[in-house]
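Scroll down for the structure; my scribbles are underneath it.
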């Protein structure tokens, strides 16, 4: 079943398939490694060369949890191809407060 989480890492099999990670290895999951702060915000994570990544932001987590329409694409950070290694997405206008999420999809 796609809703199962065989490696108990908090991501079900479908989510791991979408992120191109191994659903049987708890060390293999899409996880943000680091954030940098300041006028330039950087979000880094392990990418897959078989996936595209988009960085989103919102300034209100309380409202944005209910609907995807309150999340905005960071300009220039849409459908960027992964490289199979560390990928860094940037927000050059990180006016606080801003909260981020990364979306992954198949090309």
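Any read-out appearing in this document is the output of simple, stated calculations on the displayed coordinates, not a laboratory observation. Please read these numbers as outputs of a predicted model, since none were measured by experiment. Cβ coordinates were reconstructed from backbone atoms using ideal geometry, including for glycine residues, and neighbour counts include every protein chain displayed.
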- request: Let me have the 222 nm mean residue ellipticity of the chain computed from DSSP H runs of 4+ only, each contributing -39500 (n - 2.57), with the sum over all residues rounded to the nearest 500.
  value: -2000 deg cm²/dmol
- request: Among (i) 40, 31, 23; (ii) 48, 28, 26; (iii) 39, 34, 27, find the value of Cα extents along the principal axes in Å that was calculated from the structure presented, and write down its label.
  value: (i)
- line: Under the 7 Å Cα-to-Cβ spin-label approximation, residue 80 and residue 34 lie apart by a distance in nanometres of 1.5
task: State, to one decimal in nm, how far the label point of residue 69 lies from the label point of residue 50, with both points 7 Å from Cα in the Cβ direction.
output: 3.5
Centre separation in Å (Cα based) which lies between the range 1-48 and the range 54-107: 15
